[in-house]
Amino acid sequence: MFQIHFRSGSYCMTFWYHMYGTSVKSLSIYVKRTDGLGKPVWTKNGNQANNWLRADVSISGSTEFNVSVT
């Protein structure tokens, strides 16, 4: 897991991911405002094919916040 800190505002988080194979679990993006992770704003589960895939995730907050990738 890693976290990215954002100032208040709206953002588009773009990243590439590769989730291939029978043992692949999940990849999730969470917006963390206070304590705990809350609900994911984006998630993929299981095998997504043997390709690099692009994801564009809209995130926003009225105060500073962290985005956690797990």
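The values are calculated or read from the model by the stated rules, or taken from the named source; none is laboratory data. Not measured: the values here are computed from a predicted model. Neighbour counts run over all protein chains shown; Cβ positions are idealised from the backbone, glycine included. To get the accessible areas, we keep the full protein, side chains included, count just its heavy atoms, and leave off ligands, DNA and RNA. Shrake-Rupley method; radii C 1.70, N 1.55, O 1.52, S 1.80 Å.
With every protein chain left in place, what is the accessible area per residue of the chain in square angstrom, probe 1.4 Å?
69 Å²
Each label point is 7 Å from the Cα along the Cα-to-Cβ direction; what then is the distance between the points at residue 41 and residue 26, in nm?
So the two model labels end up 1.8 nm from each other.
Once you have the Cα-Cα distance between residue 15 and residue 58, take 0.36 nm times their residue separation minus that, and quote the gain in nm to one decimal.
14.3 nm
On a 1.4 Å probe surface of the protein chains, which of 63, 70 comes out largest in accessible area, and what is the full order?
The ranking, largest first, comes out as 63, 70.
Test of the criteria: in the stretch 16-70, which chymotrypsin sites (Phe, Trp or Tyr not before Pro) are in a DSSP loop and have at most 11 other Cβ atoms within 10 angstrom of their Cβ?
Taking the stretch 16-70 and a limit of 11 other Cβ atoms within 10 Å, the loop chymotrypsin sites (Phe, Trp or Tyr not before Pro) found are 52.
Starting from the Kirkwood Rh over alpha-carbon pairs, what translational D in µm² s⁻¹ does the chain have by Stokes-Einstein at 4 °C and 1.567 mPa s?
100 µm²/s
Just add up the charged neighbours of residue 18: K/R +1, D/E -1, any other residue whose Cβ is under 15 Å from the Cβ of residue 18. Display every interim value, and only then the final one.
On the way: positive: 25, 44, 54; negative: none.
Net of charged neighbours comes to +3.
Normalising by the residue count of the chain, find the relative contact order in percent from Cα pairs under 8 Å and 6+ residues apart.
52 percent
Rounded to the nearest 10 Å², what accessible area does residue 58 show when all protein chains are kept and the probe is 1.4 Å?
We get 100 Å² for residue 58.
Carbon-plus-sulfur fraction of the accessible area of the chain, 1.4 Å probe, in percent?
Of all accessible area on the chain, carbon and sulfur atoms account for 48 percent.
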